[in-house]
Every structure is written in structure tokens, then in C-alpha cells.
Amino acid sequence: MPDRSDHLTLNVNLQAFGQRPSAWQFSTGNPAALVEPDHWIASARAAERGLLDAVFFADQPALHNPNPRPGNPLEPITLASLITSATDHVGVIGSASTTYNDPVELAERLLSADALSGGRLGWNVVTTYNKAVSANFGLPEAPGRQERYRRAGEFVDAVKAVWAAAAGDGKYLHHGEFFQLEGTTALGPSAQGSPVIFQAGGSEQGRDLAARHAEGVFAVELTLPRAVENYADLKRRAAAAGRHAGVPRITPGLSLVIGSTVAEARARFDEFEALVPDNYALRSLSSVIAHDASTLALDEPIPAKILDKPWDPDTHPTSTGYRLTFLDWIQERRHQSLREVLRDFGGYGSRIIIGTPEQIADDMELWFRSFAADGFNLMIDQFPDGLHTFADHVVPLLQRKGIHKREYGASTLRDGIGAGLALDLVG
Amino acid sequence: MTGTIQLLALLGDLPARLAAGDPDLVRPLASVTGTLGAALVAGAEGRPARHDPAALATALSVRLPGWPVVSFSDGRGDHPYNTARRFLSVDHLSGGRSGVLFQTGGARAQHTAERIQVVRALWNSWPLDSLVADRDTGVYAHTDEIREIDHQGADFRVHGALNTPSSIQGEPVSLWHVSTAEELDAAHGLVDLVVLDDPDLLHRWRASEAEARPGLVAAGIVHGGEAAAELVSVSTTAELFEAVATLPPAPLPPGLPAGEHGRAAPTLRALFGLPPRSFDLSSKPLAFGASRA
């Protein structure tokens with residue numbers, strides 16, 4: 001395999017009690033655990049034991065039914081301040097929407113949290129396509145993808161203008177389609193200049209935004225060949241946009257259920273799944289195939305007319321990047337029954353490996369050395385236990401392969417992910 | 001010793017030093033945690049701000065667990081849904097020891113009143129008690145206790161519910177720094193405490209019915225001992241410790257061993273002797289229907 005001199009960029013998606021929907025049923029039984037500091041600090045410290053670059057928080061400013069799966073009940077940037085105050089090294093990447101925030105307010109809020117953290121904050125730029133969210137912000141419906149991304153592009157420009165002002169004389173000026181801004185900030189730069197920017201959308205518009213602005217990307221890739229193709233495409237676009245060669249760092253989601261044998265990992269997975277209502281996986285699959293999967297026969301393959309149905313990325317209700325990679329992934333499973341497909345689909349939005357530390361480390365190395373990924377956004381079955389298992393059993397294997405750091409060498413998130421040269425506020 | 005709770009508005013380099021855990025400041029304050037009638041105030045410097053109040057308040061709650069913290073919120077560029085979840089998050093992370101000091105930020109009195117109303121309704125939309133995590137039944141939350149706020153006002157339309165459950169003190173203590181008679185009138189029945197810096201408004205506050213009016217926080221004005229708290233600015237280490245030396249004692253739970261104050265320190269509501277207020281949403285629609293799960 002080709003040589004890489006860099007190290008993996010490893011983040012972990014801190015999803016409530018864990019990535020498995022039933023993870024809460026394996027927790028300590030404290031119903032209020034998710035609103036108390038201890039759960040988050042324990043999980044972040046577990047990430048720090050594994051020398052991960054950052055913990056990550058997705059976000060939807062709306063309440064979804066907490067049964068069967070509770071979401072994260074605390075605001076991500078506030079959680080970031082908690083975690084960076086209570087830990088020494090690990091970064092925190094929080095999601096915040098460009099559709100439901102004000103660019104100056106958010107720019108200052110992020111920069112202030114970044115400064116207080118000593119330069120360990122990342123901002124995951126999301127445009128938020130959920131209808132429940134728009135109703136909380138006085139909009140009758142969510143704006144379409146085109147408009148959301150036009151606003152997002154300008155929003156990031158405006159945020160960067162405020163950050164550039166903080167690093168300079170304090171004065172910012174921005175005139176565009178959505179925002180007319182002129183003012184002065186009293187904030188100064190953080191230890192890493194300004195927060196690192198991540199981006200998570202896989203649509204055309206999302207990839208353009210990532211190419212122009214992101215230091216890191218959360219990708220959804222289910223198959224290696226498409227991941228390699230998309231990796232090269234995004235790096236090309238970024239180079240064309242004049243970006244520094246190391247960025248953006250591309251980190252596909254990777255869901256893990258770890259056991260000392262394959263059988264043990266399978267048993268652990270089954271134990272989690274046995275407590276999830278039957279329709280959970282069906283609903284999740286329904287959203288990606290844009291068809292109500294509960295109407296299909298469990299012991300027959302998904303009908304070809306559903307999988308081959310023409311679709312329009314602009315109006316597809318959920319992630320288009322996910323849909324594209326799913327269509328690749330399903331190709332070799334077209335003959336399988338819906339029941340079998342559902343089992344392998346258990347990553348719910350990311351690839352899943354149910355296996356041993358050796359299998360997981362080999363797989364991560366293959367993707368890394370194939371230039372399908374610069375690292376991963378890990379989805380862990382249950383917190384903090386699953387993360388300790390990763391730190392104790394997978395991390396040493398990755399270190400032996402020479403692809404994971406042996407200590408925290410950098411004090412900021414930007415330097416830690418190798419994007420230190422990429423601070424370009426004017427871009 | 002004044003006997004009145006002191007809200008210490010942190011200015012100068014005090015916020016950054018405390019947030020960074022400077023031991024010269026943190027150690028002496030930590031040693032009196034939970035024993036004094038005091039709270040730290042984040043974001044008091046006004047605009048342009050040098051720190052985000054929520055980020056600062058959260059860092060303070062990590063450095064000084066058990067110390068109450070009050071955050072400024074002027075609403076500029078901040079939608080009430082985002083305001084509500086951010087400061088309720090701070091309240092959870094501080095162990096139910098936080099408050100929010102609302103300011104008008106140049107807006108009309110009615111706009112600010114509606115903003116506070118929406119924020120408070122959201123704070124009460126998802127009761128903490130609804131979380132049960134019952135492994136036997138597989139029910140995590142009793143969703144029939146969660147309500148939409150269904151707010152349709154002049155300036156805001158907010159559906160709710162909030163995706164943060166209420167806190168162990170119910171909701172953050174709400175304060176409004178009012179500077180006009182119209183704002184003072186609008187604050188009645190809306191916030192726990194009003195902050196006044198104008199003697200004329202103090203007269204107006206005194207003239208209103210004692211049962212119905214919000215509690216008083218005096219900011220640099222002489223009062224006749226009827227203020228629940230005083231808001232004082234501290235900009236230097238010397239000023240901070242001078243203020244701390246004259247703080248009144250906090251009501252302490254009986255029989256508490258020394259050193260346990262941080263964990264057992266009262267909620268900010270309890271410190272003020274405020275009832276666990278809650279916003280009545282009983283006429284609002286259920287967010288997930290009437291089924292128990």
C-alpha cells in the first residue's frame with residue numbers, strides 16, 4: 001500500500017448514550033444522565049485516552065420524540081465549553097445552523113468559546129433541512145436546498161469576516177444577498193486564530209462549500225470505490241479553490257461494535273438490537289430509499305422499481321450524499337432479503353463494522369492508505385464503555401501500524417488535524 | 001455585611017482569568033462555595049462584548065462548581081429558541097444554579113417582553129420529571145407531559161417544544177434590567193426579579209402591589225433594604241476579594257460536613273427563596289399525543 005506520512009484524523013460523534021438506539025437501556029439507569037456534566041466529561045476523557053482529535057456534536061434545534069431514542073438535549077457550543085474546561089487536549093466540534101442563526105452573533109459566540117478553550121473548538125457548518133426546526137423559528141417551511149446553500153456560503157464568508165476583524169483592527173464589513181454587515185468586534189483571535197471549520201453535507205452544493213471553506217469534512221461513504229472517487233474529487237475542488245494541500249481532512253462516518261471475537265461482537269450487536277422497536281431500522285431505511293419500507297415483505301428483496309426510481313437531488317428530502325452511496329452499497333445486496341439488508345444497514349447513516357479490533361484496525365488502514373479517507377468520524381455503540389474499548393484495543397493496533405499518533409503533539413485542534421497552514425480568513 | 005445577596009458583575013480581566021482557572025482567583029472562591037449569598041455575573045461588560053456569556057458561564061461552572069452564575073442576554077441576533085436552549089443548557093451544567101439577566105438591547109419593551117415570554121414558555125415545555133429511563137417497559141420518557149408552546153405573537157412564532165428538558169431548579173432565575181416605566185410594567189408576572197438603576201423606577205416599583213411585583217435587584221441605587229439582591233461591578237482582584245469578604249452567608253442545609261458545599265450548594269432559586277415557578281402550558285397542545293410512551 002502507498003505510504004502516508006500523516007496520521008489519522010479521528011473524531012467521535014457523541015450521540016447521547018451511544019450510537020445504538022437502545023444504548024440508554026445499557027447505561028447506569030440515571031434518567032437525567034444526559035443533562036448532567038458527568039456523562040459528557042467521562043465520554044470526552046475516554047476520547048482523550050484514545051488520543052482522538054475531537055468529539056463531535058450533531059444538532060437539530062427541535063425536539064424529536066425521545067422514545068425510543070433520546071437525542072442530545074444540550075446545546076453543542078455550550079457543551080464544548082464544558083468539555084474543553086474539563087479536559088486538557090481533545091477538541092470539540094459543534095454543529096450550528098447557517099439557516100437559523102445570525103452570522104455576527106454566531107461568529108462571536110464561536111470565537112469566544114474557542115478563545116476560552118485555548119483553541120480547541122471546531123464549527124460544523126450545517127444548513128438544517130428539518131421541517132420541525134423551521135416551525136420553531138417562525139418559518140412555514142424549510143427553505144429549499146439551493147437557497148439554504150446560497151445563504152450558507154454567504155454566511156460563512158460573513159463569519160470569516162468577523163473572525164478576520166478579530167485578528168486585525170476589529171472592524172468588519174460584509175455586503176451580500178442575505179447580509180449587510182458593518183461593525184466592530186471587541187474579541188481578539190484565539191490560540192488557533194479562529195475555530196476550525198467542518199462541513200457535513202454530501203450534495204453538490206455541500207461539496208462546493210467544503211472545497212472553499214472546510215478544514216474537515218464529515219462524509220457518508222458506504223463503499224470503498226466511491227469513497228476514493230469522492231475523496232479525489234473534493235481534494236481537486238479544494239485545490240482549484242486555492243486551498244492549502246492538506247485540507248479539507250475527509251472523515252467518513254464509521255460505526256463500530258467491538259468484540260474480542262467476531263461472535264462476541266455479533267452477540268453484542270444483537271443484544272443492542274433486541275431492545276430496539278422493530279420499525280426503527282425500517283423507518284431509517286425508508287428515509288434513504290424514499291419509500292415506506294414497512295409496506296415491503298421482510299423475506300423478499302427490495303423491489304427493483306423502488307431502488308431504480310428516478311430522483312431529483314434538489315428535492316430529495318434527506319441527505320443526497322447518503323442516497324448516492326447507499327445506491328452503490330445496495331447493488332451487491334439486491335438479491336438479499338429486506339431482513340438481511342436491514343442487519344447490514346445497522347450503521348443508520350454510516351458504514352458499520354461489527355468485529356474484532358484487528359478487523360477494525362485493518363479496515364481503517366485500508367481506507368486511509370487507499371486515500372478514501374484521512375480519518376474517521378467514529379460512531380460508538382455506547383458511551384463511555386465502547387469508547388474505552390476502542391482506546392484500549394483498537395488504538396494500540398493503529399499506533400503499531402504507524403497511522404495514529406502516540407501522544408498529543410499539538411495544543412490546538414487546527415494543528416492537531418494538520419490544518420495549521422490552512423488558516424486563511426480572507427478565502 | 002449587608003445581608004443582601006450580591007451579584008458580582010465580572011469586568012476587566014477577571015472573566016478570562018476565572019474561566020482559565022487562575023488558581024489565585026479560583027482557590028479562595030472555591031473555598032467558600034455554597035456558603036455565601038452571592039452569584040457571579042457573566043457578560044456584564046455589555047457591547048461590544050469580549051466574551052460570550054454562555055461560554056463564560058459554563059467555564060465558570062466548571063472552575064467553581066457550586067457557585068451560582070447569571071448570564072446577560074441582550075437578544076441581539078439571537079432567536080428565542082436558541083436563547084432558551086443555550087441558557088437552559090448552562091443551567092443544567094451549573095447544577096441548577098443559573099439565572100439569565102435579560103436586557104432590551106435597544107429593542108422595544110413589548111419586543112423584549114415577548115422574547116422573555118417565549119424563552120420561559122420553552123423552558124417549561126419539557127418537564128424533567130418526564131424522563132424515566134424505565135428498562136422494564138422500554139420507555140425513556142413519558143411524552144404525554146411534553147407540550148408545544150404554540151406561540152403566535154407580534155414578533156415571534158415559535159412552535160416548540162424545546163429539545164432541552166427543564167432543570168432541577170425548574171428553570172433559570174429570570175431577571176430583567178428595566179430602564180423605562182413601560183418595561184417595568186411589562187416585567188410584572190413575567191420575570192422573577194427586576195434590576196433597577198433609576199430611583200424614579202424604584203418609586204414606581206414600590207407603589208405596585210407587593211404580592212404581584214417581581215423581586216428587586218438594586219444596581220447602584222440606594223434602597224431601604226427591600227432589595228433581594230444588589231448588582232455590583234468588580235474589575236480587579238482586590239475589588240473581587242473585598243466584595244467577597246462582605247458577602248452575607250447563604251442558607252445552608254443542616255448537618256452538612258465541611259467541604260461538601262460544592263455538591264450541596266443550593267440552587268439559585270433556593271438562594272433567593274423563589275418558588276419553583278413554572279409557566280402554565282396546560283392549554284397548549286401535547287407535542288406527541290396523549291399516549292403514555
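In table form, for the structure just shown:
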{"quantity": "Mean-position separation - Cα centroids, the stretch A:32-89 and the stretch A:365-384, in angstrom", "calculated": "19 Å"}
{"quantity": "Mean residue ellipticity (222 nm) of chain A, computed from DSSP H runs ≥ 4 via -39,500 (n - 2.57), nearest 500", "calculated": "-12000 deg cm²/dmol"}
{"quantity": "Extension reserve of the A:Asp415-A:Ala167 stretch, reckoned as 0.36 nm per residue once the Cα distance is removed", "calculated": "87.5 nm"}
{"quantity": "Distance (nanometres) between label positions extended 7 Å along Cα→Cβ at A:Thr315 and B:Ala290", "calculated": "3.8 nm"}
{"quantity": "Whole-angstrom gap from the stretch A:316-359 to the stretch B:134-158, using each part's C-alpha centre", "calculated": "32 Å"}
{"quantity": "Qualifying aspartates and glutamates (Cα of each under 16 Å from Cα of B:Lys284; at least 8 residues distant if same chain)", "calculated": "B:Asp144, B:Glu145, B:Glu148, B:Asp150"}
{"quantity": "Neighbour-count ranking [beta-carbon atoms within 10 angstrom, fewest first] of B:Val100, B:Val26", "calculated": "B:Val26, B:Val100"}
{"quantity": "Summed side-chain charge close to B:Thr246 - residues other than B:Thr246 whose Cβ falls under 15 Å, Lys, Arg +1, Asp, Glu -1", "calculated": "-3"}
{"quantity": "Which of B:Arg206, A:Arg120 has the fewest Cβ neighbours within 10 Å, and the rest in rising order", "calculated": "B:Arg206, A:Arg120"}
{"quantity": "Relative contact order (%) - the stretch A:151-244, alpha-carbon pairs under 8 angstrom, separation at least six", "calculated": "19 percent"}
{"quantity": "Value of relative contact order over the stretch B:87-144, rounded to a whole percent, pairs C-alpha under 8 Å and six or more apart", "calculated": "18 percent"}
{"quantity": "The stretch B:25-59-the stretch A:98-132 distance, computed between alpha-carbon centres (Å)", "calculated": "22 Å"}
{"quantity": "B:Arg204-A:Arg49 FRET efficiency (beta carbon distance; Förster radius 60 Å; 0.05 resolution)", "calculated": "0.55"}
{"quantity": "Cβ-defined net charge surrounding A:Pro396, 13 Å radius [Lys, Arg +1; Asp, Glu -1]", "calculated": "+3"}
{"quantity": "Mean Cα-pair separation over length for chain A, i.e. relative contact order, pairs under 8 Å, 6 or more apart, %", "calculated": "24 percent"}
{"quantity": "Options A:Leu121, B:Pro285, A:Gly188, ranked by Cα towards positive dipole end of the protein assembly as shown, top entry (Cβ charges)", "calculated": "A:Leu121"}
{"quantity": "Order of A:Thr9, A:Thr356, B:Thr180 - criterion: other Cβ atoms within 10 Å of each residue's Cβ, fewest first", "calculated": "B:Thr180, A:Thr356, A:Thr9"}
{"quantity": "Virtual spin-label span in nm between A:Ala241 and B:Arg27, 7 Å along Cα→Cβ", "calculated": "4.9 nm"}
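Bear in mind these aren't lab numbers, they're just calculated from the coordinates by the rules spelled out. Bear in mind the structure is a predicted one, so any value in this text is a computation, not a measurement. So basically every Cβ, Gly included, is an ideal-geometry build from the backbone, and we count neighbours across all protein chains shown.
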